[in-house]
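Each remark here refers to the structure printed beneath this line.
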Amino acid sequence: MSADREISLVLGTAGHIDHGKTTLIAALTGVDCDRLMEEKKRGITIELGFAPLRLEDGRVVSVIDVPGHERFIRQMVAGASGIDAVLLIVSADESIMPQTREHLAILELLGVRDGLVAITKTDRVEPGMADLVREDVQEFVRGSFLEGKPVVPVSAVTGENLETLKRELAALVDRVRPRARKGALFLPIDRAFPISGFGTVVTGTAYRGTARTGDEVEIFPSGREGRIRSLQVHGRSVDEAFAGQRVAANLSGIAVDELARGDVVCRKGVYSPTRCFDALLRILPSASEPLKHWQRVRLCIGTSDVLARVSLLRKRAVAPGEEEPVQLVLEEPVVCTAEQRFIIRFYSPLITIGGGRVVFPYSHKPRGAAARAAAVARIGALGSAAAADDRLRCLVEEAGMMETPRAALLVQEAPSDLAAVVARLVKAGALVELKGERPILLSSSHFASLEAKAVSELKDYQKAFPSESGMPLDELMRRLTLPDARVLRSFAALLAERGRIVTGDNKARTPDFVVRSEGAFRRNSEALAAFCRARGWQLATLEEVRSELRMEPNAFTQLIQSLKNTRELVLLEGGYVLTSEMENAMLDILKGIGGNVTLAAVRDATNSSRKFILPVLEYFDSKGYTRRVGDVRVVKGAVK
C-alpha cells in the first residue's frame, strides 16, 4: 500500500436509525465513531463521529458518521453541511424508512451531488432479499442525484462485499472534485474541549480556505480573537490544513467555555456576524403546506441552529416544490459565507420543509416596493455569480461606489486576495479603482456619471469665475462627495490622463477654458488688499469693502468667492474681512509676543480693540495656529 496522502474531500453517511452506519464505518476504517458512553449504552449514534478512510492507493478521505434518529436531525445537518459525497445506508431487513427519505431530501437541499448506496445487514436476511431491497432503492433514488449510482449489498459482520464497496468508494473519490483551497479560512466548530497542557482544541470540517499554524483567527459570532497554536488532521500533526479536511485546531487566547457549537473559526479581518442574509430557498415537493411570509422557522446552517423568520420578497407564500428569492431574518447572529447551504424546518413540529443557499451574507430588510425589487434583482445577479470577481462586480454595480475595506468584507476575501480580484476587473474595464486614505471602487457606469458631473461642475464654475485659472480641487471634492483628497487626486489624474480635464496649482479646469478679465480681477483684488491694509487691525466689514470698491453686487460676490476659493481672504465672525496678508502679519505678532498669549496682549500689540481681535483669535484657534488653555493661548511653534 502507498504512503498516506490526505486529500480535501469529506464523505458522509446518511440513513435511518439502526441501519448499521456506524458498524459499517468501523469495518471500513477500523474506527468506532460512537465515542460517548450514552451512545454505547443505547446503541445509537447521538453526536457526529469521524474517521479516516484509507484507500488502496494511499489516499485518505474524511468520513463523517451522522445520527439517524429523527430527534438528532440538527446534528445530522451539522455533519452533512460539510460533506462532498454521501454513502447512503439502507438495511436489508427494513429497506426504505422515514429518515432515509428525510436524509436524502436534506442532502439534495445541501447541494450534495454524488455518492453511492450500501445495503447493510445482508447476513440477517434470506438469500434474494437484498436484491428486492436493491430494487426498492433504485426506485427510491430515481430523479435524485443518486440515480444510476452504484448500490452495493454488504455485511459488516461477515465481510461480504466489503472489498467491492471499497473499490466503489475509491471510484467515487475519483469522480468528486476536491474542494478548492483558496479563500479565507472558514471552519465551523462541531466540538470544543480542553486538553491538559495544551488548552482549547476545536474540531470541524474546513468549509473554505487554509489554516496554518501561527495564524491569527477570530471566533464568530462572538468576535473573540486567538491564534492557531497547532493543527492535526486525523490525529497527525500538520503545518497546514485545507478546505474539505477534518481539522483539529489547538487555539491559544480562547477558553473552552467561551466556545459552543455554531461558532466558526475564521481568518482574522474577513468575516462578520449577520442577522439577515439573502438566499435562494426551495421548498420540498413533499412539504405538507406552503411556507408563508414571515413564518417562524428553525434554521440549520453550518453547525448553527437558530430561530429565524422567512421574509418573502415577491409573494405571500411559497408552494411545495417552488424556489424563491428570500431573506432570512435571524433571532440571533450567525456567521455564514456566500454559497453556503442551509436547511429550514418548521418551528413546531420539527419537520424539514426546505433549504437553499446563501447568496449575500450581509443584507437588511427592505422597506417599500422599490427596495424589495432591488433586493430581488441583487439575489438574481449574485445567485449566478459564484466567483469572487463576479460577486464584487455585481455588488459595486449595485452600490455605484464602495470603499475597498467594505468590499473585502462583502465578498469575504482577504485584502491581498481582493487586490488581485480588483486588478482583473480594472483591467477588464468593469471597475475603476481610486487610490487614497480610504480607497474606493466605482462601477464603470458610476465613474462615467461622476466624470460627467465633474466636467459639468468645472464648466459652471468657470462661467461664474472666468478670471480664475480653475476650480480649487478641494472645492471639486466637496461637490463630488469624494471621501478624501488622495482619492480626489487619483480621480483628477485619471480624468487628466483621459484628456477630460487639466490640473495644476491644486486647481482643475476643462481643456478649452481660457481665463478672461484677468486685468480687472487683479485691479479689484489689489484694491481690496490695499483697503484692508490701510484699515489695519480696525478690521473692515464685507459691506465696508463693497462700498469702498464701488462694484456691482454680482461682480463683488464673484470677487469675494474667488478670493475665498484661493484662500486669499476669510470672513470672520461678525462679517469682518481678514486677508491672507493680514493673517500672516498676525502670526508674526503672536510669535513676537511668545509664550502664553492673552487677548489683552494682542490688543495692545495691534492698537486695536477686543471686538476686532477676538474673532481673529477664535479663527486662529479653529485653524490650529493657537490652542486655548483657560484665558491664554499657546502659539504653535512658539513654546517648547
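The values are calculated or read from the model by the stated rules, or taken from the named source; none is laboratory data. Note that this is a predicted model, so its numbers are computed, not measured. So basically every Cβ, Gly included, is an ideal-geometry build from the backbone, and we count neighbours across all protein chains shown.
If only residues of the range 612-639 that are among the aliphatic types (A, V, I, L, M) and either modelled with pLDDT of 90 or more or part of a strand (DSSP E or B) (or both) are counted, the one that is surrounded by the most Cβ atoms within 10 Å (Cβ to Cβ) is Val616. For the range 482-511, a tally of residues being in a loop (DSSP other than H, G, I, E, B) and either among the acidic types (Asp, Glu) or under 16 Å from Pro439 (Cβ atoms) (or both) returns 4. Among the residues of the range 107-136, those identified as surrounded by fewer than 16 Cβ atoms within 10 Å (Cβ to Cβ) and out of contact with any strand residue (DSSP E or B) (no Cβ under 9 Å at 6 or more places or on another chain) are Asp123, Glu126, Pro127, Gly128, Leu132, Glu135. Scanning the range 508-539 for residues that are more than 16 Å from Tyr461 (Cβ to Cβ) and touching a Leu at 6+ places or on another chain (Cβ under 9 Å) gives Asn524, Ser525, Ala527, Leu528, Ala529, Phe531, Cys532, Leu539. Residues of the range 114-130 that are out of contact with any Gly (no Cβ under 9 Å at 6 or more places or on another chain) and either in a loop (DSSP other than H, G, I, E, B) or free of Cβ contacts under 8 Å to residues at least 12 places away in the same chain (or both): Asp114, Val125, Glu126, Pro127, Gly128.
Annotation note: of Ser469, Ser449, the sole residue that is polar (S, T, N, Q), closer than 25 Å to Gly499 by Cβ and under 29 Å from the mean Cα position of the chain (by Cα) is Ser449. Screening Glu451 against (1) in a helix (DSSP H, G or I); (2) in contact with a strand residue (DSSP E or B) (Cβ under 8 Å, 6 or more places away or on another chain); (3) not small (Gly, Ala, Ser) leaves a single unmet condition, (2).
Rundown of residues vs (1) outside the structural domain of Val297 (by TED's automatic domain parsing); (2) outside any helix (DSSP H, G or I); (3) among the aromatic types (Phe, Trp, Tyr); (4) modelled with pLDDT of 85 or more, yes/no style:
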| residue | (1), (2), (3), (4) |
| --- | --- |
| Val31 | yes, yes, no, no |
| Ile44 | yes, yes, no, no |
| Phe50 | yes, yes, yes, no |
| Phe72 | yes, no, yes, no |
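The single residue among Glu475, Glu437, Glu433 that is within 45 Å of the chain's Cα centre (by Cα), of a type in the set (D, E, K, R) and assigned to a loop (DSSP other than H, G, I, E, B) turns out to be Glu437. The listed residues are Leu187, Leu146, and the only one of them that is assigned to a strand (DSSP E or B) and closer than 29 Å to Ala105 by Cα turns out to be Leu187. Beta carbons closer than 8 Å, at least 6 apart along the sequence or on distinct chains, pair a first residue in the range 349-375 that is within 20 Å of Lys315 (Cβ to Cβ) with a second that is part of a helix (DSSP H, G or I) and acidic (Asp, Glu) for Ala374/Glu398.
Table: residues versus (1) surrounded by fewer than 17 Cβ atoms within 10 Å (Cβ to Cβ); (2) within 10 Å of Phe277 (Cβ to Cβ).
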residue: Trp294; (1), (2): yes, no
residue: Ile301; (1), (2): no, yes
residue: Ser304; (1), (2): no, no
residue: Val310; (1), (2): no, no
residue: Arg316; (1), (2): yes, no
residue: Pro366; (1), (2): no, no
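Residues of the range 422-458 that are of a type in the set (A, V, I, L, M, F, W, C) and more than 22 Å from Gln412 (Cα to Cα): Phe447, Ala448, Leu450, Ala452, Ala454, Val455, Leu458. Go through Val233, Val217, Val201 for me and flag whichever is under 21 Å from Pro361 (Cα atoms) and either surrounded by 15 or more Cβ atoms within 10 Å (Cβ to Cβ) or hydroxyl-bearing (Ser, Thr, Tyr) (or both). Answer to the check: Val217. If you go through the range 398-416 and keep only what is surrounded by fewer than 18 Cβ atoms within 10 Å (Cβ to Cβ) and either assigned to a helix (DSSP H, G or I) or among the charged types (D, E, K, R) (or both), you end up with Glu398, Ala399, Glu403, Pro405, Arg406, Leu409, Pro415, Ser416.
Here's the yes/no breakdown for (1) under 23 Å from Val306 (Cβ atoms); (2) touching a helix residue (DSSP H, G or I) at 6+ places or on another chain (Cβ under 7 Å); (3) not hydroxyl-bearing (Ser, Thr, Tyr):
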{"residue": "Ser230", "(1), (2), (3)": "no, no, no"}
{"residue": "His234", "(1), (2), (3)": "no, no, yes"}
{"residue": "Ser237", "(1), (2), (3)": "no, no, no"}
{"residue": "Ala243", "(1), (2), (3)": "no, no, yes"}
{"residue": "Ala248", "(1), (2), (3)": "no, no, yes"}
{"residue": "Ile254", "(1), (2), (3)": "yes, no, yes"}
{"residue": "Ala260", "(1), (2), (3)": "yes, no, yes"}
{"residue": "Val265", "(1), (2), (3)": "yes, no, yes"}
{"residue": "Gly269", "(1), (2), (3)": "no, no, yes"}
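Checked against the criterion of being in a loop (DSSP other than H, G, I, E, B) and out of contact with any Cys (no Cβ under 6 Å at 6 or more places or on another chain), the candidates Ser230, Ser272, Ser237 yield just one match: Ser272. The set of residues in the range 138-161 that are in contact with a helix residue (DSSP H, G or I) (Cβ under 7 Å, 6 or more places away or on another chain) and of a type in the set (Phe, Trp, Tyr) contains only Phe145.
Of the residues Arg142, Arg181, only one is free of Cβ contacts under 8 Å to residues at least 12 places away in the same chain and of a type in the set (Lys, Arg); which?
Arg142
On inspection, Thr13 does not qualify as modelled with pLDDT under 75, assigned by TED's automatic domain parsing to the domain that holds Ala85 and crowded, with 23+ Cβ neighbours inside 10 Å.
Under 7 Å between Cβ atoms, at least 6 apart or on separate chains: pull out the pairs that start in the range 398-427 with a residue that is at pLDDT 90 or above and end on any residue that is surrounded by 19 or more Cβ atoms within 10 Å (Cβ to Cβ) and of a type in the set (S, T, N, Q). Sorted first by the residue in the range 398-427, then by its partner, the pairs are Gly400/Ser443; Gln412/Thr337.
Summed over the range 456-466, residues that are crowded, with 18+ Cβ neighbours inside 10 Å, touching a residue at least 24 places away in the same chain (Cβ under 8 Å) and in contact with a helix residue (DSSP H, G or I) (Cβ under 8 Å, 6 or more places away or on another chain) total 2.
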